[in-house]
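To start, the structure under review is shown below, and the notes come after it.
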Number of protein chains: 2
Amino acid sequence: MGNTKYKKIVNFITDKITRGEWSIGMKIPSQRELASLFEVNRSTVITALEELKAEGLLESKMGQGTMVTNNTWTLLGVSKPVNWNENVSLGFHKQSMKMVKDINEIETKKGHIQLGKSELSPEMFPAKQLKQIMKKVTGDLSPLSYEEPRGNYQLRQAICSYLEKKGIFTSPDSILIVSGALQALQLIAIGLLRKGSTIFLERPSYVFSLSVFQSAGMDLRGLPMDREGLLVNEISNNQEGKGNTVLYTIPTFHNPTGITLGEERRKELLHVCEKEQIPIIEDDVYGDLWIDDPPPLALKGRDRYGNVLYLGSLSKTLTPGLRIGWIVGPESVIERLSDLKMQTDYGSSSLSQRVALEWLSSGLYESHLSFVRQQLKIRRNVAVKALSQHLKGLASWSVPEGGFFIWVKIFRPLHNQHLFEKALAEGILLNPGNIYAHEANQYIRLSYSYASFEEINWGISQLGKILRSMQ
Amino acid sequence: MGNTKYKKIVNFITDKITRGEWSIGMKIPSQRELASLFEVNRSTVITALEELKAEGLLESKMGQGTMVTNNTWTLLGVSKPVNWNENVSLGFHKQSMKMVKDINEIETKKGHIQLGKSELSPEMFPAKQLKQIMKKVTGDLSPLSYEEPRGNYQLRQAICSYLEKKGIFTSPDSILIVSGALQALQLIAIGLLRKGSTIFLERPSYVFSLSVFQSAGMDLRGLPMDREGLLVNEISNNQEGKGNTVLYTIPTFHNPTGITLGEERRKELLHVCEKEQIPIIEDDVYGDLWIDDPPPLALKGRDRYGNVLYLGSLSKTLTPGLRIGWIVGPESVIERLSDLKMQTDYGSSSLSQRVALEWLSSGLYESHLSFVRQQLKIRRNVAVKALSQHLKGLASWSVPEGGFFIWVKIFRPLHNQHLFEKALAEGILLNPGNIYAHEANQYIRLSYSYASFEEINWGISQLGKILRSMQ
Ligand SMILES: Cc1ncc(COP(=O)(O)O)c(C=O)c1O
Ligand SMILES: Cc1ncc(COP(=O)(O)O)c(C=O)c1O
């Protein structure tokens, strides 16, 4: 029986190599991973690997694990295959941070308590309403073509009406539909900004967890914040980059801190950016998710110069799975970005666009939002209560007025990777602060949007224990 | 009455400027365009523009048209606004060719006979079957989250089974779901290839109509073709780029020529690329659309070295509106590309992925395909007959064995832009050859997939007249 098990591993790996799925130079999974995959002892794995090494298919290097060195065809001497792995990581686009990649990977699996996830809980998923909308879309199903370069016209109209209620006046020609706000950032990075540009942004910021701007050769310059958000005077003190600088900001329910830029600060910020001629990218994906009171008018609503590019998305208020977001800005900028969007993927899913259109124009957007706001209020309160119970003396935090996050400050700095792994071992997926600013090693971005009440309570109590054990 | 009409134009433009939709430095629409937009005489437009110039909002420059010079707020002396237009076209991503942009723009409008479009006719859109699938997806509607980095697992499994029937053996881990094959090219360009790499490809090629590789700093090297496709020995004669070179090919029902790479050529091509260590990108979006006989086995089906990255899509066989395609390749390469995909847009629409899953796994894919093949056969024959009738003595062509296109060679070289405009004036949208290779100014890519039979007939007869008039 051990025999057939070990053969299974040999055949599996031989298949992977001969089909070209595991290519020359690639590191194969560790012995531990193979053992758990095939549900066998480590010794069975070792026997299999030894056989494959004897055949010349694998090679172990000290400290580097086991690599594919060859394949059966090469052994026949037919010819030398291509080393794709040399190419991998050669393109100009940088890899994600290891921890971010791990989180992306683990997030989609079941069975963890997700205390970092920036998504609404499945409990808030409006299945009934969406079914209704899907039925409507299905009933009217005309051919799903490639859409106009800027996206479905009616959807852009619906977004105009939606924005008008928020005090932002625009027209469909000034809107580009994108596959989520993240794609908006990607298009702006590769299509609008000069290489070597400086991006001012809050420190910490969601954008530090991405490599979208860095990969495009931009220089990220974090600006300090206080309880009212970005310290605006830091911008005028930073004059080297003039003419080559943009500001990226999440003024409302900031990711990761939850902070909202105050009314006066908004005016100052616009004023300074106009004076210094710094265009603004306003990321407003959380703006509608207020819990206590509506936030101040968006920067875009105050913009009289076409100085602000405004980003929105359905990911946080409805579901990220539609992959629908929008950019609002001067027509010339939108035209440039829409050309680029066409070159990148010929537009976002028409099906998603139709569902988004119905969602926005049917009134369901608003009614679902009130429900979500109520839920977020309860959830936030549960989380704050649990924090007071279990993290007292260990950490401090402010109570956010909307959005998904509490930015928990641990009194003592800690090794973020250790914290991450310890929590994971307890079945808890955490987003440590250093993802959002290198030096934020005293912070955790705690999300109350996704986990259930029990999970939030239990997770935070475990977190207390872990923190205590790490002191 | 003329008076209120001219006021309307003044208000419209003033609004555009004060809202920041038309920003400083932007060229406004031409007098002709404004006249047709407002359905007024040119003189009314001129009156309006004069008033706006007097207010200091616009300025005309000889040979450059009329620009926005200011806005009402600037006039108040508040501060200098940002010139976004300076930024526009500064990013490293190149703009599309003007003609390609125009085609993209006009294609989505109604009322033209589309003799260039690479899409199935609405008549072939399987509304009934898709409704059935939408109902199923709606019935099972679980929350639409962000998907796994490589895409919906079941969809990847379904793609494996589908590929197996075509003689390509792979596993879900070796597949990445993308938003169409175009996005696959974009991800490969920015994530896998070194800047300055050389891309061998057929000349002409679809890829010459894009700027995806050029924008990423790659050097496109077109290789000559004959009736059996790419001339393989040209590759080994081109040795400068060794180690820094990939080959992009559309071996089956090539866009734009319709040519299929022969069986022997395929073997040679793989052999040479293995010997020269040149990885291959095989674009197979038309492969299933054979009319007479199935094409030879895909390169990927013969690949024993992980030397081939294979691209597929639902755009040409079902509908481009779903924006679903796939990349198949060595796991290490797929992992790198999936990381990049996450950084770019967090994955393709979950809704589209679910519909694609049902489409592939329900058997509807196959039955719809037989219908489409029959239709394409009729359409191709209609087009060939019309060509014989109306272009005899003017042009020559080969009869394609599948796909969407006939590559019509005009006996006398002609000015492609003139041809394009003349045809457009007759209500016909054409894709002239120079889009696909600069020197292909004697060609038209004629598509028989989209227009109705009557349109194909009438369009080709008009084309004959236009060509005669241009001789
Ligand atoms: C501030 C911010 N912007 C943009 C995004 C991207 O969202 P999407 O691309 O799903 O719209 C996120 C998601 O976490 C976010 O927090
Ligand atoms: C050869 C080829 N590859 C890729 C594409 C892109 O198709 P999609 O991104 O819709 O899958 C096209 C579309 O015209 C094509 O002709």
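Worth a mention:
- Here B:SER118 meets the list (1) within 16 Å of ligand 1 (Cβ to nearest atom); (2) under 23 Å from B:SER209 (Cα atoms) almost entirely, failing just condition (1).
- The sole residue among A:ILE17, A:ILE13 that is within 13 Å of chain B (Cβ to nearest Cβ), modelled with pLDDT of 85 or more and under 19 Å from B:VAL333 (Cα atoms) is A:ILE13.
- When restricted to residues that are in a loop (DSSP other than H, G, I, E, B) and open to solvent by 70 Å² or more (accessible area, probe 1.4 Å), segment B:43-71 contains 4.
- Residue that is farthest from ligand 2 (Cβ to nearest atom), among those in segment A:344-364 that are open to solvent by 10 Å² or more (accessible area, probe 1.4 Å) and in a helix (DSSP H, G or I): A:LEU364
- Qualifying residue in segment A:361-380 (condition: β-branched (Val, Ile, Thr) and within 9 Å of chain B (Cβ to nearest Cβ)): no
- Among residues of segment A:99-122 being assigned to a helix (DSSP H, G or I) and among the aliphatic types (A, V, I, L, M), the one that is nearest to the other protein chains (Cβ to nearest Cβ) is A:VAL100.
- Qualifying positions in segment A:411-425 - open to solvent by less than 90 Å² (accessible area, probe 1.4 Å) and assigned to a loop (DSSP other than H, G, I, E, B): A:PRO413, A:LEU414
- Segment B:123-136, residues that are open to solvent by less than 30 Å² (accessible area, probe 1.4 Å) and more than 7 Å from chain A (Cβ to nearest Cβ): B:MET124, B:PRO126, B:ILE133
- Candidate set from segment B:290-323 (those that are of a type in the set (Ser, Thr, Tyr) and either more than 9 Å from every other protein chain (Cβ to nearest Cβ) or more than 25 Å from B:GLU107 (Cα to Cα) (or both)); member that is farthest from ligand 1 (Cβ to nearest atom): B:TYR305
- Qualifying positions in segment B:312-350 - among the hydrophobic types (A, V, I, L, M, F, W, C) and modelled with pLDDT under 95: B:VAL333, B:ILE334, B:LEU337, B:LEU340, B:MET342
- Selection of first residues in segment B:200-212 that are within 14 Å of chain A (Cβ to nearest Cβ) and of second residues that are near ligand 2 (Cβ under 9 Å from one of its atoms) and part of a strand (DSSP E or B), restricted to Cβ pairs under 9 Å at least 6 apart or on distinct chains, gives the following pairs, ordered by first then second residue: B:TYR206/B:ASP283; B:VAL207/B:ASP283.
- Residue check for A:GLN277: farther than 22 Å from A:TRP359 by Cβ and either away from ligand 2 (no atom under 16 Å from the Cβ) or surrounded by fewer than 24 Cβ atoms within 10 Å (Cβ to Cβ) (or both): yes
- Residue-level analysis places B:ALA437 among those that are in a loop (DSSP other than H, G, I, E, B) and either modelled with pLDDT of 95 or more or open to solvent by less than 60 Å² (accessible area, probe 1.4 Å) (or both).
- Filtering segment B:183-198 to residues that are more than 25 Å from B:ARG150 (Cβ to Cβ) and more than 9 Å from chain A (Cβ to nearest Cβ) leaves B:GLY196, B:THR198.
- When segment B:273-287 is filtered for residues that are of a type outside the set (Asp, Glu), free of Cβ contacts under 8 Å to residues at least 60 places away in the same chain and either in contact with a strand residue (DSSP E or B) (Cβ under 9 Å, 6 or more places away or on another chain) or under 11 Å from B:ARG302 (Cβ atoms) (or both), the ones remaining, listed by number, are B:CYS273, B:GLN277, B:PRO279, B:ILE280.
- Scope segment B:161-170; condition open to solvent by 10 Å² or more (accessible area, probe 1.4 Å) and more than 9 Å from chain A (Cβ to nearest Cβ); matching residues: B:SER161, B:TYR162, B:GLU164, B:LYS165, B:LYS166, B:GLY167
- For the residues A:LYS385, A:LYS409, A:LYS377, the requirement of being in contact with an Asp or Glu (Cβ under 9 Å, 6 or more places away or on another chain) and of a type in the set (Lys, Arg) singles out A:LYS377.
- Here A:ASN381, A:ASN307 are screened, and the one residue that is free of Cβ contacts under 8 Å to residues at least 40 places away in the same chain and over 30 Å from B:ILE28 (Cβ atoms) is A:ASN381.
- Within segment B:324-335, the residues that satisfy the criterion of being at the interface with chain A (Cβ under 7 Å from one of its Cβ atoms) and open to solvent by 10 Å² or more (accessible area, probe 1.4 Å) are B:GLU331, B:SER332.
- Against the numbered list (1) under 24 Å from A:GLY403 (Cα atoms); (2) within 14 Å of chain B (Cβ to nearest Cβ), A:SER236 comes up short only at (1).
- Of all residues making up segment A:124-155, the number that are touching a residue at least 60 places away in the same chain (Cβ under 8 Å), assigned to a helix (DSSP H, G or I) and closer than 25 Å to A:LYS341 by Cβ: 4
- Search result, residues across segment B:28-52 that are touching a residue at least 12 places away in the same chain (Cβ under 8 Å) and out of contact with any helix residue (DSSP H, G or I) (no Cβ under 8 Å at 6 or more places or on another chain): B:SER30
- Residues located in segment B:391-410, provided they are among the aliphatic types (A, V, I, L, M), assigned to a loop (DSSP other than H, G, I, E, B) and under 17 Å from B:SER469 (Cα atoms): B:LEU391, B:LEU394
So that you can scan it fast, the table gives a plain yes or no per residue for (1) of a type in the set (Val, Ile, Thr); (2) touching a helix residue (DSSP H, G or I) at 6+ places or on another chain (Cβ under 6 Å); (3) part of a helix (DSSP H, G or I); (4) assigned by TED's automatic domain parsing to the domain that holds B:MET342:
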site: B:ALA184; (1), (2), (3), (4): no, no, yes, yes
site: B:LEU187; (1), (2), (3), (4): no, yes, yes, yes
site: B:GLY196; (1), (2), (3), (4): no, no, no, yes
site: B:LEU201; (1), (2), (3), (4): no, yes, no, yes
site: B:PRO204; (1), (2), (3), (4): no, no, no, yes
site: B:PHE208; (1), (2), (3), (4): no, no, yes, yes
site: B:GLN214; (1), (2), (3), (4): no, no, yes, yes
site: B:GLY217; (1), (2), (3), (4): no, no, no, yes
site: B:GLY222; (1), (2), (3), (4): no, no, no, yes
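- Considering residues of segment A:110-120 that are under 16 Å from the mean Cα position of the chain (by Cα) and under 28 Å from B:LYS136 (Cα atoms) only, the residue surrounded by the fewest Cβ atoms within 10 Å (Cβ to Cβ): A:GLU119
- Scanning segment B:171-180 for residues that are surrounded by fewer than 24 Cβ atoms within 10 Å (Cβ to Cβ) and either touching a residue at least 60 places away in the same chain (Cβ under 8 Å) or more than 7 Å from chain A (Cβ to nearest Cβ) (or both) yields B:PRO172, B:ASP173.
The values are calculated or read from the model by the stated rules, or taken from the named source; none is laboratory data. Here the structure is a predicted model, which is why all the values come from computation and not from measurement. With ideal geometry, Cβ positions are generated from the backbone for all residues, glycine too; neighbour counts draw on all protein chains shown. Keep in mind that these areas ignore ligands, DNA and RNA; they rest on the heavy atoms of the full protein, side chains included. Shrake-Rupley method; radii C 1.70, N 1.55, O 1.52, S 1.80 Å.
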